[in-house]
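First the structure, in the form of structure tokens, and then the observations on it.
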Amino acid sequence: MYQSFIGLEIHIQLLTESKVFCGCTNRFGDEPNTNVCPVCMGYPGVLPALNEEAIRLSYIVARTLNCELSPRAIFERKNYFYPDMPKNYQISQFSSPLGRNGWIDIEYAGKPRRVRIHEIHLEEDAGKMIHAGDMSLLDYNRAGTPLLEIVTEPDMEAGEEAEILLQNFRRTIRYLGVCDGNMEEGSMRCDANVSINLEGQGLGRKVEIKNLNSSRFVKMALNYEITRQKELFGKGGKIVQETRLWNENRDVTEPMRTKESAHDYRYFPEPDLPPFIPGAEFLAKVDKGLVELPEARKARFVKEYGLSAAAADFLVAEKATADFYEQTVKLGAAPAAAAAWLQFDVRKILNRDGKELADCPLTAGRLAQLLSLLADGRIHGKIAKQVLEAVFAEDKDPGQLIKEKGWQSMSDMSQLAALVDQALAANAAAVDAVKAGDRKPLGFLVGQIMKQTGGMAEPRLVQELLKQKIK
């Protein structure tokens with residue numbers, strides 16, 4: 001019986017305005033090789049200077065992941081020769097990273113699991129190679145971008161676990177505001193390490209899988225590799241310690257190179273950067289950057305607002321949605337109603353229009369006003385949906401739209417009673433059928449009145465009046 005061991009190396013680009021060791025702009029999508037300078041291009045004689053915001057964001061992540069914070073973070077040179085690394089070395093951390101011995105909790109197969117964090121270290125990113133036909137192009141805009149690497153212990157056993165951890169981790173860093181977590185653009189990347197061995201005999205030879213740009217591919221690549229290694233073992237073969245690539249077109253891993261060891265990189269202290277020693281003032285800034293995390297917020301939403309686990313899970317998936325929801329409730333909306341409208345009606349329009357809450361005309365105040373009008377009976381559900389559409393289309397407040405379009409629902413009992421009398425007189429057969437016990441014609445009668453009033457009559461009141469008069 002074989003046992004598998006999975007560990008992840010997660011890299012995230014930090015959301016700083018400038019690069020980690022120079023003043024160049026840190027921005028994705030600019031023209032190639034426009035955000036470069038002598039420092040990030042590795043010209044002789046230049047000196048790096050540490051970006052304080054990058055180190056602050058790094059410590060925020062380390063503290064959030066329950067790490068022991070290093071009182072003395074040291075930078076070192078990691079030497080290797082590759083076209084996308086202009087200096088032929090990378091400023092990184094090896095002997096004294098900024099965080100160690102943390103953990104991240106996940107739920108897998110209905111059970112809580114704790115995955116330990118081996119270390120967290122800050123380094124500079126390499127440039128980007130673009131392969132075009134028979135040539136390769138180099139864009140150095142990314143060279144020097146602050147890159148935080150989170151290394152887990154090999155505590156997972158299945159690709160599905162790794163997928164869940166990555167999804168939870170992405171949600172966490174987006175909540176913290178340290179990274180946008182966009183794996184397609186490369187701002188969050190993952191290398192997966194996997195080994196198998198006979199059960200109870202510990203770790204086997206490690207294989208690293210690169211070229212993984214989605215949590216789904218991480219799951220697929222790991223499960224494929226575990227199956228490949230088991231089949232190889234079963235035939236009496238040996239696992240080679242190597243780096244493999246994930247071929248997403250064929251859904252297989254392929255050999256890339258034999259795996260390097262730490263001594264291959266010839267680490268030595270970066271002579272141009274002193275150790276970083278976080279003081280009390282710096283750590284206070286780190287504490288200010290901490291936020292209520294998604295799982296804790298979900299539990300609070302269920303307890304405080306009486307929401308279902310599914311509704312709370314939807315709301316906390318993105319911090320912007322959870323903030324919008326709480327602001328709507330704070331402005332007077334019923335918690336359950338606000339959750340339902342955001343989860344269904346609002347999301348439907350956003351998905352259709354390809355928009356986010358942050359860049360659409362609907363504000364927390366407008367949603368609270370709409371739900372208040374609905375709760376007070378000034379409009380009914382169908383009109384409320386029309387008003388919501390109009391808010392998106394015309395960028396106006398619900399109250400203004402109702403007034404301009406004459407959408408206020410008819411709830412005057414004497415006015416509705418006259419309409420009911422007319423409907424009963426004009427549809428004697430339907431009335432007789434209801435009296436005989438058939439409930440379907442009742443809906444027909446409600447529909448006739450709604451049609452006559454252009455949908456403005458309050459359906460609940462109409463139905464009550466019909467029942468009373470027929471009885």
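Just checking, does region 70-77 include any residue being touching a residue at least 24 places away in the same chain (Cβ under 8 Å) and within 25 Å of the chain's Cα centre (by Cα)? No: zero hits.
For (1) in a strand (DSSP E or B); (2) of a type outside the set (Asp, Glu); (3) at pLDDT 95 or above; (4) at negative phi, each residue gets a yes or a no:
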{"site": "Gly186", "(1), (2), (3), (4)": "no, yes, no, no"}
{"site": "Asn197", "(1), (2), (3), (4)": "yes, yes, no, yes"}
{"site": "Ile209", "(1), (2), (3), (4)": "yes, yes, yes, yes"}
{"site": "Val218", "(1), (2), (3), (4)": "no, yes, yes, yes"}
{"site": "Lys230", "(1), (2), (3), (4)": "no, yes, no, yes"}
{"site": "Phe233", "(1), (2), (3), (4)": "no, yes, no, yes"}
{"site": "Gly237", "(1), (2), (3), (4)": "no, yes, no, yes"}
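The sole residue among Pro97, Pro44 that is of a type outside the set (Gly, Ala, Ser) and in contact with a His (Cβ under 6 Å, 6 or more places away or on another chain) is Pro97. Restricting attention to region 144-191, the residues that are closer than 30 Å to Thr34 by Cα and of a type outside the set (Ser, Thr, Tyr) total 24. For the criterion of being at pLDDT below 75 and loosely packed, with under 13 Cβ neighbours inside 10 Å, Asp376 fails. Of all residues in region 133-148, those that are assigned to a strand (DSSP E or B) and buried (at least 19 other Cβ atoms within 10 Å of the Cβ) total 3.
Of everything listed in (1) assigned to a loop (DSSP other than H, G, I, E, B); (2) at pLDDT 95 or above, the single unmet condition for Glu304 is (1). The residue that is farthest from Val316 (Cα to Cα), among those in region 265-294 that are of a type outside the set (A, V, I, L, M, F, W, C) and assigned to a helix (DSSP H, G or I), is Tyr265.
Within region 1-31, the set of residues being within 22 Å of Met183 (Cβ to Cβ) and among the aliphatic types (A, V, I, L, M) comprises Ile6, Leu8, Ile10, Ile12, Leu14, Leu15, Val20. One residue alone among Ala322, Ala317 is within 24 Å of Asp180 (Cα to Cα), out of contact with any helix residue (DSSP H, G or I) (no Cβ under 6 Å at 6 or more places or on another chain), surrounded by 13 or more Cβ atoms within 10 Å (Cβ to Cβ) and not assigned by TED's automatic domain parsing to the domain that holds Ser214, and that residue is Ala317.
When only residues in region 196-222 that are of a type outside the set (A, V, I, L, M, F, W, C) and touching a Leu at 6+ places or on another chain (Cβ under 8 Å) count, which is nearest to Asn168 (Cα to Cα)? Ranking the qualifying residues of region 196-222, first place goes to Ser215. Just checking, does region 337-353 include any residue being in a helix (DSSP H, G or I), more than 20 Å from Lys385 (Cβ to Cβ) and touching a helix residue (DSSP H, G or I) at 6+ places or on another chain (Cβ under 7 Å)? No.
Being under 26 Å from Ser308 (Cα atoms) and either at pLDDT below 95 or not charged (D, E, K, R) (or both) holds for only one residue in Gln400, Gln408, Gln343, Gln386, and it is Gln343.
Is it fair to say Glu68 is farther than 18 Å from Leu148 by Cα and among the charged types (D, E, K, R)? Considered against the rule, which asks whether it is farther than 18 Å from Leu148 by Cα and among the charged types (D, E, K, R), Glu68 comes out as no.
Can you find even one residue in region 250-257 that is hydroxyl-bearing (Ser, Thr, Tyr) and either closer than 30 Å to Leu69 by Cβ or loosely packed, with under 14 Cβ neighbours inside 10 Å (or both)? Within region 250-257, none of the residues are hydroxyl-bearing (Ser, Thr, Tyr) and either closer than 30 Å to Leu69 by Cβ or loosely packed, with under 14 Cβ neighbours inside 10 Å (or both). Only one entry in Ile130, Ile120 is among the hydrophobic types (A, V, I, L, M, F, W, C) and crowded, with 19+ Cβ neighbours inside 10 Å, namely Ile120. The lone criterion from (1) under 30 Å from Ala73 (Cα atoms); (2) not in a helix (DSSP H, G or I) left unmet by Pro255 is number (1).
Taking first residues from region 332-345 that are more than 19 Å from Lys298 (Cβ to Cβ) and partners that are crowded, with 19+ Cβ neighbours inside 10 Å and not aliphatic (A, V, I, L, M), no Cβ contact under 8 Å between residues at least 6 apart in sequence or on separate chains turns up.
Here Ala162 fulfils each of the conditions (1) surrounded by 24 or more Cβ atoms within 10 Å (Cβ to Cβ); (2) part of a strand (DSSP E or B) apart from (2). Listed conditions (1) buried (at least 21 other Cβ atoms within 10 Å of the Cβ); (2) over 15 Å from Pro269 (Cα atoms); (3) in contact (Cβ under 8 Å) with a residue 60 or more places away in the chain are all met by Arg63, apart from (1). Might you check whether a residue that is touching a Pro at 6+ places or on another chain (Cβ under 8 Å), within 19 Å of Asn26 (Cα to Cα) and part of a loop (DSSP other than H, G, I, E, B) occurs anywhere in region 113-126? Yes: region 113-126 contains one or more residues that are touching a Pro at 6+ places or on another chain (Cβ under 8 Å), within 19 Å of Asn26 (Cα to Cα) and part of a loop (DSSP other than H, G, I, E, B).
The values are calculated or read from the model by the stated rules, or taken from the named source; none is laboratory data. Computed from a prediction, not measured in an experiment: that's the story for all the values here. Every residue, glycine as well, gets a Cβ built from its backbone with ideal geometry; the counts of neighbours run over all protein chains shown.
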